[in-house]
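Below: the structure, in structure tokens.
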Amino acid sequence: MSAHTHRVAGHRLPRRDGVGKVTGKHVYAADFKLPGMLYGRVLRSTRAHALIKKIDTSRAAAMAGVRGIITSADIPQIRYGTAVRDTTVFATDRALFTGHAIAAVAATSLEIAERALAAIEVEYEDLPPLFDPEEALKSDIRIHPDWETYKALPIISRNRNIAGQARIRVGDAEAAFAKAHKVYEHRFSTALQHPGYTEPRVATADWDANGIVTVWCNTQLPFDTQTTLAEILDLPAARVRVTVPGIGGGFGGKLRIGVEHFAALLARKTARPVKVMSTSEEELTAALPRQASIVLLKTAVDKEGHLLARSGRIIVDCGAYAGSGPGTAAIALQVMAGPYKTGALAFESIAVYTNKVHSGSFRAPAGPMANFAMECQIDMIAKDLGLDPLEMRLRNVVKEGDPGPSGEIHRSVSIEECLRKAADAIGWHDRNPEPGRGKGIACSWWMTTGGSSGVYVKINPDGSATLVSGAVEIGTGAITGAAQVLAEELSLDLTDINVTGVDTQAAPFDFGAQGSRTTFSVGNACLAAASELRRQMFELAAKQLEAPIEDMKLQDKHVVAGNKSISIAELARISRLAGGGLIAHGTAISPAPAYDPTRVQNHPLPVWNTPSYHAHAVDLSVDQATGKVTINRYVVAQDVGYAINPTYIEGQIEGGVAQGIGQALSEEIVYQDGCVMNANLTDYKMPTAMDVPEIESIIVECRSAAGPYGAKGVGEPPCIEPPAAIGNAIAAATGCWPNSLPMTAEKIAAAMQVQHS
Amino acid sequence: MNRKILNIVVNGESHQVLIEPHWTLLQVLRNEIGMMGTKENCLEAECGVCTVLLDGKAINSCILLAAQVEGCSVTTIEGIGDPEHLHPLQEAFIECGAVQCGYCIPGMILTAKSFLDENPGCRPSRDEIREAIAGTLCRCTGYRKIIDAVATAADRIALSGAKQ
Ligand code: FES
Ligand code: FES
């Protein structure tokens, strides 16, 4: 089937859950309630680093309406975590950051629960804190004194306050630096950024008569939440059922367990259903934000601006627990290599503990941090060499068949096309249309995370199909995309595909709504299921039509063989009576491409699967007095392989860029002496409709071998380049590069002043 | 407890609810009347997901004490259209691809409705729409398609008004 003949895939069809969402009928986890439900709240540490000498809950426990209180002493002593098993439900003998959970209360109302929190007395003895990640690398203070006893993935290399350290080495960087025309060294820093989903993390838990706990929550990874909960509760996984009624955004901030464990433990303690929802303050002080980072980058070039060697180090501040820090830091190494041919590479990543909030995997983890450094430095070098920044990039970008940093082979490469299209659209020939106005460009590549997906697809007696998947629709439209693939393959309309809610007890496994993979992997699983259903239907039709299977095809909701045909609905009815129904299990797994393991050390994601390529270009003005940035235009050219639904691809691009603009210009969880100074949505500044320009999307389609109809991952890339593209445009407008995110008006004004004096 | 009776009209239906003095309109709508289409997030009038129309005007229901709306008429997202009879705004939001996770959408649509109702028959510019919805945060869409949707709906409403 070639793409231009597709009836359903490739079309701008409305999403399956749209009507429910515009009428208020769509149920989100926050809307979920049960009769007799209690409300849970969490007491959080007021100290950044302290021994907990005593927790006295007696006054709180005696309050009317309080039904249960738990602390570390009441629960199994388990450490969990993805890369490093360093995390506990509550602070044990010490609080590791301001906001660390100390105790949880369940009460008949939220107000009572809150009053009970205030009545719990905690006695602390302060310990010297570590806030600066570079200091934490040198310090004798141990944030986890027992770090050596923790279990971790075998690939993770740890040492004292270092939660993970990875390397990529290609060729002889030292030799290249020694004989280079010029060598440049710069330092960049990026800030802690909240994912900013509009529905806070929430969970309602209830235990049934068989000792099974059901948790209704808004996780992006129901199966990971199930496994983690099972560990925390010390139960076999089958006794934990995780279901996601609906989810108000995630962006990676809802990958790992959030409040589900508090709800489940309180429900066990009180033998009542318990709902726990984070407050805005908890979101900004104790959720899973994007790590702050420091990037040191050194680059050698020849006279023509060819990249001879790059070396560098990214230090990722993962806060009190490793979280996704080791993986995030390691992924930065591929981002730092970029879509460029470079003679030699010597990169190192370090994820380090500090006494601040534990962090997570916000959309394209490490992407914008590493890209900001890497792409701003390209412009700095171009300026010094007197080269056009676009030209400098075009001289260095990878071509079809070139090796990537891990020794893998770049395939279906489109980076040059993306760069040229973005540059043309922004009017690159005129980079400084007027004083105080400039244009910037940045590009990157990014993986389509693999992982396995399973789906069940059932044909109903009316000829429609039901898609059962363990993948959560977090808003991207990814499941609508997968349903379009399924409808296409079964000759159905999109409206014929019913999608069930996610329930770990009923749905086949899915690696989860993460890593730009949902449409890609669930779509591939739908292809497999459709192929199996065709086999079942053709076999059945062969008997009914007395026609050979080789002659059969699906067309307009019928199995057709020559001039004979039978409807899919009829086949489903026949099968119901005589064959148990038409149902298929489709699976997909994307094996990692071949690579050279000698290049990559201690890296949990050593090679990228089905990478995509993209370029962003921006036109902005900087107020010469205040440093305030106004974005005039913003263009994205992104290779999506094959656009299954262009509308929602644009939606991903527009939304991702908006988040990137936030990270570039305004968003930062500000710490002072271990306390968050802006734990509310007025002072934590996410872009409003007034701050985001009309983002222009150019969809590039360079088919992949692995995705459905050639699709590549779409969701994460749009937030990677904005900080770099904007930084470069600010430099074009003002002559100075702010090298730290967010590039606030104050920082830009200060940089301009230094330049003028 | 010192509960009081609140008389309130929600989506055209009269309700009598026993309320506690500290309850907000949001709590009453969600917990007592069951209008779950009105969402909750910051509870500090910072995000706009809890927006409803109070006597036709968009307000943040999370900071308004329920006791203050005695005798008032409230419209929630459930009150402006249903799956079989979508309001032009609801229709346009779907058509323009303005819905992603959807959690901000009820508040966004009601904000837009209040804005369009205040300026009957007008076809607002994109900048005017931008300003009108600036109080409601959307983290998914980058706003462009939301502005498309409001502009599309405004056109259709103006057109059908002109015909009448
Ligand atoms: S919940 Fe009311 S404005 Fe955020
Ligand atoms: S659609 Fe998700 S916040 Fe607006």
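The values are calculated or read from the model by the stated rules, or taken from the named source; none is laboratory data. These numbers come from a predicted model, not from an experiment. So basically every Cβ, Gly included, is an ideal-geometry build from the backbone, and we count neighbours across all protein chains shown. The area values use the complete protein model at the heavy-atom level, side chains included, leaving out ligands, DNA and RNA. Shrake-Rupley method; radii C 1.70, N 1.55, O 1.52, S 1.80 Å.
Using 0.36 nm per residue of separation minus the Cα-Cα distance, give me the extension gain between A:Glu121 and A:Thr495 in nm, one decimal.
129.0 nm
Enter the mean projected area of the convex hull around the alpha-carbon atoms of chain B, in nm², rounded to one decimal.
The orientation-averaged projected area of the Cα hull of chain B comes to 9.6 nm².
Would you mind computing, in nm to one decimal, how far apart the modelled labels at A:Arg633 and B:Ser160 are, each placed 7 Å from Cα along Cα→Cβ?
If labels sit at A:Arg633 and B:Ser160, their model points lie 3.7 nm apart.
Taking just the alpha-carbon atoms of the stretch B:4-79, what radius of gyration and Dmax come out, in angstrom?
Reported Rg and Dmax, both Å: 10.9, 29.
Can you tell me the FRET efficiency between B:Lys4 and A:Asp140 if r is taken as the Cβ-Cβ distance and R0 is 60 Å, rounded to the nearest 0.05?
The calculated FRET efficiency here is 0.45.
Sort A:Lys33, B:Lys4 by accessible area with a 1.4 Å probe, largest first.
Highest to lowest solvent-accessible surface, that is B:Lys4, A:Lys33.
Taking the stretch A:379-443, which trypsin sites (Lys or Arg not before Pro) meet the DSSP loop condition and have no more than 12 other C-beta atoms within 10 Å?
Working: sites: A:Lys383, A:Arg393, A:Arg395, A:Lys399, A:Arg411, A:Arg420, A:Lys421, A:Arg431, A:Arg437, A:Lys439; in loops: A:Lys399, A:Arg411, A:Arg431.
Here the trypsin sites (Lys or Arg not before Pro) that fit, given the DSSP loop and packing criteria, are A:Lys399.
Provide the solvent-accessible area of A:Asp126, counting protein heavy atoms only and rolling a 1.4 Å probe, rounded to the nearest 10 Å².
Per-residue accessible area (A:Asp126): approximately 100 Å².
Take every Cα-Cα pair in the stretch A:329-384 and report what % of them are more than 17 Å apart.
47 percent
Too long at a 19 Å Cα-Cα cut-off: which of A:Lys275/A:Lys685; A:Lys341/A:Lys399; A:Lys275/B:Lys39?
Table pairs above 19 Å Cα-Cα are A:Lys275/A:Lys685.
Roughly how many whole Å is it from the C-alpha centroid of the stretch A:537-606 to that of the stretch A:430-480?
So the separation of the two Cα centres works out to 24 Å.
Can you work out ³J(HN,Hα) from phi for every residue in the stretch A:290-305, in order, using Karplus 6.51 cos²θ - 1.76 cosθ + 1.60 and θ = phi - 60°, giving whole Hz and x for Gly and Pro?
For the stretch A:290-305, the Karplus curve yields 6, 4, 7, 8, 10, 10, 10, 9, 10, 9, 10, 10, 8, 4, 8, x Hz.
Please report, in whole Å³, the volume per residue of the convex hull around the C-alpha atoms of the stretch A:236-317.
Per-residue hull volume (Cα only) is 206 Å³.
Counting Lys and Arg as +1 and Asp and Glu as -1, each charge on the Cβ, what is the dipole of the protein assembly as shown about the Cα centre in debye, to the nearest 20?
Details: 86 positive and 100 negative charges, 242 e Å.
Approximately 1160 debye in magnitude.
What is the Cα centroid distance between the stretch A:691-744 and the stretch B:79-110, reported in whole angstrom?
Measuring centre to centre over Cα atoms gives 29 Å.
Treating cross-link reach as a plain straight distance, find the lysines whose alpha-carbon is under 19 Å from the alpha-carbon of B:Lys145, omitting any fewer than eight places away in the same chain.
Straight-line reach from B:Lys145, under 19 Å: A:Lys21, B:Lys113.
Scattering from the C-alpha atoms of the stretch B:88-163 alone, worked out with Debye: what is log10 I(q)/I(0) at q = 0.16 1/Å?
Taken in order of the listed q values, log10 I(q)/I(0) reads -0.48.
Along the charge dipole of the protein assembly as shown, which of A:Gly562, A:Gly386, A:Tyr28 sits closest to the positive end, that is, farthest toward it, with unit charges on the beta carbon of Lys, Arg, Asp and Glu (+1, +1, -1, -1)?
So the residue we want is A:Gly562.
Of A:Pro128, A:Gly501, A:Thr270, which is farthest towards the positive pole of chain A's charge dipole, taken about the Cα centre with +1 and -1 on the beta-carbons of Lys, Arg and Asp, Glu respectively?
A:Thr270
Each label point is 7 Å from the Cα along the Cα-to-Cβ direction; what then is the distance between the points at B:His15 and A:His11, in nm?
4.1 nm
Mind checking the dipole of the stretch B:88-163: about its Cα centre, +1 per Lys or Arg Cβ, -1 per Asp or Glu Cβ, Debye to the nearest 20? List each step's numbers first, then the result.
Details: 9 positive and 9 negative charges, 30 e Å.
For this selection, approximately 140 debye.
Suppose R0 equals 45 Å; then what is the FRET efficiency for A:Lys553 and A:Glu400 from their Cβ-Cβ distance, rounded to the nearest 0.05?
0.85
Charges on Cβ only, +1 for Lys and Arg, -1 for Asp and Glu, centred on the Cα centroid of chain A; of A:Thr57, A:Ala83, A:Ala322, which one is farthest towards the dipole's positive end?
A:Thr57
Under the rule a/c < 1.5 gives rounded, and otherwise a/b versus b/c splits prolate from oblate, where does chain A land using the Cα gyration tensor?
It comes out oblate by the Cα gyration axes.
All other residues with a Cβ under 10 Å from the Cβ of A:Trp147 taken together, and with Lys, Arg as +1 and Asp, Glu as -1, what is their net charge?
Summing Lys/Arg as +1 and Asp/Glu as -1 gives 0.
Give the lysines whose C-alpha is closer than 24 Å to that of A:Lys54, dropping any in the same chain fewer than 8 places away, or say none.
A:Lys54 reaches A:Lys269, A:Lys356.
Checking the table A:Lys439/A:Lys628; A:Lys182/A:Lys747; A:Lys33/A:Lys254; A:Lys182/A:Lys303 against a 18 Å threshold on Cα-Cα, which pairs fail?
A:Lys182/A:Lys747; A:Lys33/A:Lys254
At what distance in nm do the modelled label points of A:Lys543 and A:Asn159 sit from each other, each positioned 7 Å from its Cα along Cα→Cβ?
6.8 nm
Between A:Asp623 and A:Asp430, how high is the FRET efficiency from 1/(1 + (r/R0)^6) when r is the Cβ-Cβ distance and R₀ = 22 Å? Nearest 0.05.
Approximately 0.60, to the nearest 0.05.
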